[in-house]
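Just so you know, all these numbers are worked out from the coordinates, no wet-lab data involved. In this text the structure is predicted, and so the values were computed from the model without any measurement. Here the Cβ positions follow ideal geometry from the backbone for every residue, glycine too, while neighbour counts run over all protein chains shown.
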Amino acid sequence: MDKIAEDFKDKGIVFYQIYTREPHAGQKMAIYDFSDKKQTETHQERVDYALEMIKEYSQKIPVLIDTFSPDCIQNTLVGRAPNSLVVIDGEGKAVLWQDWADPKALRAKLEEMTVTTE
């Protein structure tokens, strides 16, 4: 996503990542080992995990931390999936909604949104 954000930064597109919860708490996967991660229970734990993620992956996209309330972003906007993606246009309308982030589809949508006619 950092590459896509970089490619579109001069076209008025702003990226934010919302840290909602630990998506693979306690899991060991083929490439990643999250077996030492527990699900966050406090705001500070989410902040700590987000800072760790930023450092580990050299992430440049700003990270916002979701709340724990019933009307948090995780429950209301992204549909509870751990790697969802929403594109909101300049008028505040959701124009792309993915349960699982798909960089190719995101890039295509952003290219469509930023086409200039001459």
* **Matching label, Kirkwood radius over Cα pairs in Å computed from the structure shown, candidates (1) 14.3; (2) 15.0; (3) 15.7** => (3)
* Asked: Hey, if you put +1 on the Cβ of every Lys and Arg and -1 on every Asp and Glu Cβ in the stretch 1-106, which of 4, 76, 18 ends up farthest toward the positive end of that dipole?
  -> 4
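Let me spell out the model: positive unit charges on the Cβ of Lys and Arg, negative unit charges on the Cβ of Asp and Glu, origin at the Cα centre of the chain. What dipole size does that give, in debye rounded to 20? If you can, show how the numbers build up before the last one.
On the way: 15 positive and 21 negative charges, 34 e Å.
Roughly 160 debye for the chain.
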* What nm distance separates the two modelled labels at residue 48 and residue 14, each placed 7 Å from Cα along Cα→Cβ? -> 3.1
* Asked: What would the Debye formula give as log10 I(q)/I(0) at q = 0.21, 0.24 Å⁻¹ for the alpha-carbon point model of the stretch 1-67, no solvent?
  -> -0.93, -1.08
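Stretched out fully, how many nm does the piece from residue 56 to residue 83 gain, at 0.36 nm a residue minus the Cα gap? Please list the in-between numbers first.
Values: separation 27, 0.36 × 27 = 9.72 nm, distance 1.77 nm.
Residue separation times 0.36 nm, minus the Cα-Cα distance, leaves 8.0 nm.
Highest first, please rank the peptides 90-100, 8-18 by the mean number of other Cβ atoms sitting within 10 Å of their residues. Let's see the in-between values first.
Details: 90-100: 11.2, 8-18: 13.3.
Result, highest mean Cβ count within 10 Å first: 8-18, 90-100.
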* Any idea what the dipole of the stretch 29-79 comes to, in debye rounded to 20, about its Cα centre with Lys/Arg Cβ at +1 and Asp/Glu Cβ at -1? -> 160
